[in-house]
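The values are calculated or read from the model by the stated rules, or taken from the named source; none is laboratory data. Remember, it's a predicted structure, so these values are computed and weren't measured experimentally. All Cβ positions, even for glycine, are placed from backbone atoms using ideal geometry, and neighbour counts span all protein chains on display.
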Amino acid sequence: MVYTFSCQGNSPEGANEPCATSQSCPDWPREQGYWRWQREVTYVDGRRTNVGPWVQTGSVCRPDNPTRTVTADEVREVVRVLLPAARPHILPPGGRTLVNLDTIFYTDPDRFVADVQVVGQDVRVRAFAEEYIWHFGDGHSLRTDRKGRPYPHKDNVHRYTTKGSYPVDVDVRFRAEFRVRNSGRWQPIPGLITIDDGPVVQLAVLESWPALSTGR
């Protein structure tokens with residue numbers, strides 16, 4: 001969500017200058033009139049694939065001005081929307097593994113950088129993955145600071161003891177910080193931001209049985 005002064009021509013992607021209508025709030029000058037803007041962001045497999053146009057969703061009087069300090073809480077809400085969800089990658093490939101086999105799990109995102117607008121100010125945000133929480137679907141989970149790597153590495157491994165079909169997903173917890181343009185100083189966003197709405201991958205766990213063959 002972004003706010004701009006409620007003046008003709010102002011938008012999140014253009015000018016953002018005050019005018020007479022932005023000063024029409026009952027408690028002016030302590031409050032200013034703002035337009036509220038939102039846009040839809042679409043993710044596919046944890047990757048942002050489409051960003052819709054900004055849509056004006058109303059107006060509001062806020063005790064703000066264009067030079068006031070952007071707060072960490074305001075930036076946190078924007079970052080929470082933009083951070084990519086994580087898609088699990090599993091080896092062996094093909095969505096199948098075997099009982100009692102070391103099954104390898106890994107994922108992609110470990111850092112994120114973006115330029116956004118918050119209450120009309122240009123802000124750069126960056127986030128770094130601190131923790132991954134794997135849910136293996138069989139009642140077991142794994143907390144780790146490693147996103148994992150493909151074979152031959154075995155950073156994140158799990159063994160299933162019973163055949164079946166199991167839903168696998170991974171939550172990522174990010175540490176984030178931001179910098180208002182031209183301020184020159186990075187400021188931390190307190191706490192970790194958890195992204196737990198990533199895609200679920202269905203994994204079939206099979207049993208293997210030895211069989212004699214005549215070689216024909």
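Looking across the range 176-216 at every residue that is of a type in the set (Gly, Ala, Ser) and either closer than 30 Å to residue 161 by Cα or modelled with pLDDT of 80 or more (or both), the one that is nearest to the chain's Cα centre (by Cα) is identified as 198.
So, of the residues in the range 188-207 that are β-branched (Val, Ile, Thr) and surrounded by 17 or more Cβ atoms within 10 Å (Cβ to Cβ), which turns out to be farthest from residue 77 (Cα to Cα)?
The extreme case among them is 205.
Do we have any residue at all in the range 105-124 that's under 14 Å from residue 194 (Cα atoms) and at pLDDT 95 or above? The answer is no, given that none of the residues of the range 105-124 is under 14 Å from residue 194 (Cα atoms) and at pLDDT 95 or above.
If the condition is being surrounded by 14 or more Cβ atoms within 10 Å (Cβ to Cβ) and on the phi > 0 side of the Ramachandran plot, then the range 165-183 contributes no residue at all. A residue that is under 30 Å from residue 18 (Cβ atoms) and under 23 Å from the mean Cα position of the chain (by Cα) can be found somewhere in the range 55-70.
Each row is one residue, and each column tells you yes or no for (1) closer than 25 Å to residue 202 by Cβ; (2) in a loop (DSSP other than H, G, I, E, B); (3) touching a Pro at 6+ places or on another chain (Cβ under 7 Å).
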{"site": "69", "(1), (2), (3)": "no, yes, no"}
{"site": "73", "(1), (2), (3)": "no, no, no"}
{"site": "76", "(1), (2), (3)": "no, no, no"}
{"site": "87", "(1), (2), (3)": "yes, yes, yes"}
{"site": "105", "(1), (2), (3)": "yes, no, yes"}
{"site": "117", "(1), (2), (3)": "no, no, yes"}
{"site": "123", "(1), (2), (3)": "no, no, no"}
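When the range 111-162 is limited to residues that are of a type in the set (Val, Ile, Thr) and either within 30 Å of residue 18 (Cβ to Cβ) or in contact with a Ser or Thr (Cβ under 9 Å, 6 or more places away or on another chain) (or both), the one that is surrounded by the fewest Cβ atoms within 10 Å (Cβ to Cβ) turns out to be 157.
In the range 6-27, the residues that are in contact (Cβ under 8 Å) with a residue 40 or more places away in the chain and of a type outside the set (Gly, Ala, Ser) form Cβ pairs under 6 Å with partners that are part of a loop (DSSP other than H, G, I, E, B) and surrounded by 13 or more Cβ atoms within 10 Å (Cβ to Cβ), at six or more places apart or across chains, as follows: 12/54; 16/120.
Would you check if residue 160 is more than 17 Å from the chain's Cα centre (by Cα) and of a type in the set (Phe, Trp, Tyr)?
yes
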